[in-house]
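Novice: This is the structure I want to talk about, given as structure tokens.
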Amino acid sequence: MRIDSGARSPPIPIMPSRPSRKLETFPNPAPGRDYLVHIEVPEFTCLCPLTGQPDFAHLVIDYVPDRRNVELKALKLYMWSFRDEGAFHEAVTNRILDELVAATAPRFLRLTARWFVRGGIFTTVVAEHRKKGWKPAPRVDLGEFPPESNVRGE
């Protein structure tokens, strides 16, 4: 027995934003000072180039800007653009680093990609850029950012 109410399902809304490879930037508001920008991307996804299975990573971006900072919505859309792309962990980590450096020309940038388990193996890839001639001020130890330190709760 089939019941047909005649009702139609609502139309599927068009996404207001789409993945993009364009990394937008804005002028550094404090170019005379070294300061750390810490960004976490806990839901990065791309595809295994051999199996087509999804690979998931928690990306941590730490950078000291020079003249340009990365705009966060553009960064989110950029990260989203890898969702359907096949890439080895090492290759995609270095590609993201290179493209962030090309867009922002930072004094320092470190990208840490902590890949979730696949076949019983965890992989972490760390790639760095240092601007030629940049000498950081002596380190003042203020502790570390614990993973997902931007998540509020408990």
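Where a number appears in this text, it was derived from the coordinates with a stated rule and is not lab data. From a predicted model like this one, the values you see are computed outputs, not experimental measurements. Neighbour counts are summed over all protein chains in view; Cβ atoms, including those assigned to glycine, are modelled from backbone coordinates with ideal geometry.
Novice: Based on the alpha-carbon gyration tensor of region 11-55, what equivalent-ellipsoid semi-axes (square roots of 5 times the eigenvalues) come out, in whole Å, largest first?
Specialist: Equivalent ellipsoid of region 11-55: 32, 20, 10 Å, largest first.
Novice: Related question: Among 44-53, 131-140, how do they line up by average Cβ neighbours within 10 Å per residue, starting with the highest?
Specialist: Top to bottom by mean Cβ count within 10 Å: 44-53, 131-140.
Novice: Right, here's the next one. With labels modelled as points extended 7 Å from the Cα through the Cβ direction, what inter-label distance (nm, one decimal) is found for ARG33 paired with LYS132?
Specialist: About 3.0 nm separates the two model spin labels.
Novice: Report the label-to-label distance for THR51 and ARG110 in nanometres (one decimal), using points 7 Å from each Cα along the Cα→Cβ vector.
Specialist: In this crude spin-label approximation the distance works out to 3.1 nm.
Novice: Taking a cut-off of 20 Å between Cα atoms, list the lysines near LYS73, but don't count ones fewer than 8 places away on the same chain.
Specialist: In chain and number order, the partners are LYS22.
Novice: Still on this model: What size of dipole, in debye to the nearest 20, comes out for region 31-154 about its Cα centre when the only charges are +1 on Lys and Arg C-beta atoms and -1 on Asp and Glu C-beta atoms?
Specialist: Using Cβ point charges on Lys, Arg, Asp and Glu, region 31-154 gives about 540 debye.
Novice: What percent do you get for the relative contact order of region 71-131 when only Cα pairs under 8 Å and 6+ apart count?
Specialist: Computed over region 71-131, the figure is 31 percent.
Novice: Output ³J(HN,Hα) for region 59-68: one whole-Hz value per residue in order, computed from phi by the Karplus curve 6.51 cos²θ - 1.76 cosθ + 1.60 with θ = phi - 60°, and x for Gly and Pro.
Specialist: Running phi through 6.51 cos²θ - 1.76 cosθ + 1.60 with θ = phi - 60° gives 9, 10, 10, 10, 9, 10, x, 9, 9, 10 Hz.
Novice: If you average 1/r over every pair of different alpha-carbon atoms in the chain and take one over that average, what Kirkwood value in Å do you get? Write down the numbers at each step before the final one.
Specialist: On the way: mean 1/r = 0.0561 Å⁻¹.
Radius from the Kirkwood sum: 17.8 Å.
Novice: Would you mind calculating the relative contact order of the chain from Cα pairs under 8 angstrom and at least 6 residues apart, reporting the percent as a whole number?
Specialist: Relative contact order, the chain: 23 percent.
Novice: Report the calculated FRET efficiency for ARG118 and ILE12 (r = Cβ-Cβ distance, R0 = 35 Å), to the nearest 0.05.
Specialist: Efficiency, rounded to the nearest 0.05: 0.60.
Novice: To continue, here is another question. Amide H to amide H under 5 Å from ASP66: which residues, 5+ apart in sequence or cross-chain, H placed 1.01 Å off N in plane?
Specialist: When sequence neighbours closer than 5 places are left aside, the close amide H contacts are ARG107.
Novice: Once amide H atoms are placed 1.01 Å from N in the peptide plane, what residues at a sequence separation of 5 or more from LEU47, or on another chain, have their amide H within under 5 Å of its amide H?
Specialist: Residues meeting the amide H criterion: ASP55, GLU85, GLY86, ALA87.
Novice: May I pose another question? What's the FRET efficiency of PHE88 with PHE26 using the Cβ-Cβ distance as r and R₀ = 35 Å, to the nearest 0.05?
Specialist: Once the sixth-power term is evaluated, E becomes 0.65.
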